[in-house]
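J.: One structure is given below, represented as structure tokens, and several questions about it will come after.
The values are calculated or read from the model by the stated rules, or taken from the named source; none is laboratory data. Owing to the predicted nature of the structure, the values given are computational and were not obtained by experimental measurement. With ideal geometry, Cβ positions are generated from the backbone for all residues, glycine too; neighbour counts draw on all protein chains shown.
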Amino acid sequence: MRKSIFCEMVNIQYPIIQGGMAWVADSSLAAAVSNAGGLGLIAAANAPVDYVREEIRKAKKLTDRPFGVNIMLLSDNAEEMAHMVCEEGVKVITTGAGNPGKYMEKWKSHGIIVMPVVPSVALAKRMERYGADALIVEGCEAGGHIGELTTMVLVPQVVDAVRIPVIAAGGIGDGRGVAAAFMLGASGVQVGTRFLVAHECTIHTNYKQRVLSAKDIDTVVTGRATGHPVRSIRNQLSRKFQLLEKENASPEQYEEMGRGALRIAVREGDVDRGSIMAGQIAGLIHKEQSCREIIEEMFAEAKEKIDKANQWI
Ligand code: TUI
């Protein structure tokens, strides 16, 4: 197997990034994905800067392979986080939930590979102009904070609009999804939801069980009115959010209900009052595996599907 441009760029074996899932993507998960030949990510999310710094140091002890950090730009400490990753010698940065333009020059001057998540062609073009090395193009099948367009329509439009490599994200959970992403012109994939049930993923077992038992229609999008729509598995909290929407609640009311909701689901296993962020592909995920099994199975299946399609097309 020849290495793709994207694999050469970040020096990994398989063109797969593990999603930078808030409260989930820690040094254990990131190192396991990197050790299996993908690119693991540590999520900075809303965590304290020194906590993320420690996670980076732990990951360096757990793997000698490349890994990255995802910076969530809606966070109050995004700016401080943006500087800390330079101090810690992080090699790869992905960003989410905003425009990282103001940090690009600094990151590039530190030789960091920067891959913003984009939900539109316009932002993709802007990020390319700012010097992004690759783009993670995320469709609204994804879990967590999402844009408007599906992976199927967004990826080929961005591929046509930019010259840098495109990584497809949103709705990819097995080898068929990987094969489809490559057919759309992507150079790699980002996968979140399937890694939620990895052995090395340290989230509460109640959260894993909800992902494993989810059916196709079990995720919902709430918070559209706030400008920050979020996809999660339907539960008591998502129903409360839907009621708020009906009542045209204020952004403050949403914020109050949402505060700490992801943490209590992920860490305490409160899957009634907590937010169970996951993508629509959860309905396809039925077993817990190691990160290595997940990655090897996905790429073996992708190869098989592409070979098979070759007979007919
Ligand atoms: O960021 C994500 N997924 C996330 S972040 C998160 S934490 C959170 N919790 C509650 C509310 C909001 C955030 C949970 N899941 N994915 C990457 C992603 N980025 N999806 C969409 C975007 C995005 C949206 C708008 C990227 C850029 C953007 O730009 C707007 C602008 O300023 O131009």
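J.: Considering only residues of segment 262-313 that are among the polar types (S, T, N, Q) and within 23 Å of Pro15 (Cβ to Cβ), which is farthest from the chain's Cα centre (by Cα)?
T.: In this case the residue turns out to be Asn310.
J.: Which residue out of Gln236, Gln253 is surrounded by fewer than 21 Cβ atoms within 10 Å (Cβ to Cβ), within 16 Å of the ligand (Cβ to nearest atom) and polar (S, T, N, Q)?
T.: Within the list Gln236, Gln253, the selection yields Gln253.
J.: Go through segment 261-311 and report how many residues are without any contact (Cβ under 8 Å) to a residue 12 or more places away in the chain and surrounded by fewer than 16 Cβ atoms within 10 Å (Cβ to Cβ).
T.: Looking only at that region, the number is 5.
J.: Could you grab me the full set of residues in segment 40-62 that are surrounded by 16 or more Cβ atoms within 10 Å (Cβ to Cβ) and not in a helix (DSSP H, G or I)?
T.: Gly40, Leu41, Ile42, Ala43, Ala44, Ala45, Asn46, Ala47
J.: Within segment 63-175, considering only helices (runs of 4 or more DSSP H) that don't extend past its boundaries, which have at least 1 residues that are crowded, with 24+ Cβ neighbours inside 10 Å, at pLDDT 95 or above and among the polar types (S, T, N, Q)?
T.: Of the helices (runs of 4 or more DSSP H) lying wholly inside segment 63-175, those with at least 1 residues that are crowded, with 24+ Cβ neighbours inside 10 Å, at pLDDT 95 or above and among the polar types (S, T, N, Q) span 151-161.
J.: Now for a separate question. In this structure, is Glu247 acidic (Asp, Glu), free of Cβ contacts under 8 Å to residues at least 40 places away in the same chain, within 16 Å of the ligand (Cβ to nearest atom) and not assigned by TED's automatic domain parsing to the domain that holds Val33?
T.: Judged against the criteria, Glu247 is not a match.
J.: If you don't mind, another one. Using the structure shown, decide if Val189 is in a helix (DSSP H, G or I), in contact with a helix residue (DSSP H, G or I) (Cβ under 6 Å, 6 or more places away or on another chain), in contact (Cβ under 8 Å) with a residue 40 or more places away in the chain and of a type in the set (A, V, I, L, M).
T.: No: the conditions fail for Val189.
J.: Only one of these is away from the ligand (no atom under 11 Å from the Cβ), assigned by TED's automatic domain parsing to the domain that holds Gly38 and under 30 Å from Ala261 (Cα atoms): Glu148, Glu128, Glu141. Name it.
T.: Glu141
J.: Which one of the conditions (1) touching an Asp or Glu at 6+ places or on another chain (Cβ under 7 Å); (2) modelled with pLDDT under 95 does Cys291 fail to meet, given that it meets all the rest?
T.: For Cys291, the exception is condition (2).
J.: Which members of segment 81-111 meet the condition of being over 19 Å from the mean Cα position of the chain (by Cα) and within 11 Å of Ile71 (Cβ to Cβ)?
T.: Scanning segment 81-111 gives His83, Met84, Tyr103, Trp107.
Rundown of residues vs (1) in contact (Cβ under 8 Å) with a residue 24 or more places away in the chain; (2) within 12 Å of the ligand (Cβ to nearest atom); (3) assigned by TED's automatic domain parsing to the domain that holds Glu304; (4) under 28 Å from Gly260 (Cα atoms), yes/no style:
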site	(1), (2), (3), (4)
Leu29	yes, no, yes, yes
Ala36	yes, no, yes, no
Asn70	yes, yes, yes, yes
Met104	yes, no, yes, no
Ile112	yes, no, yes, no
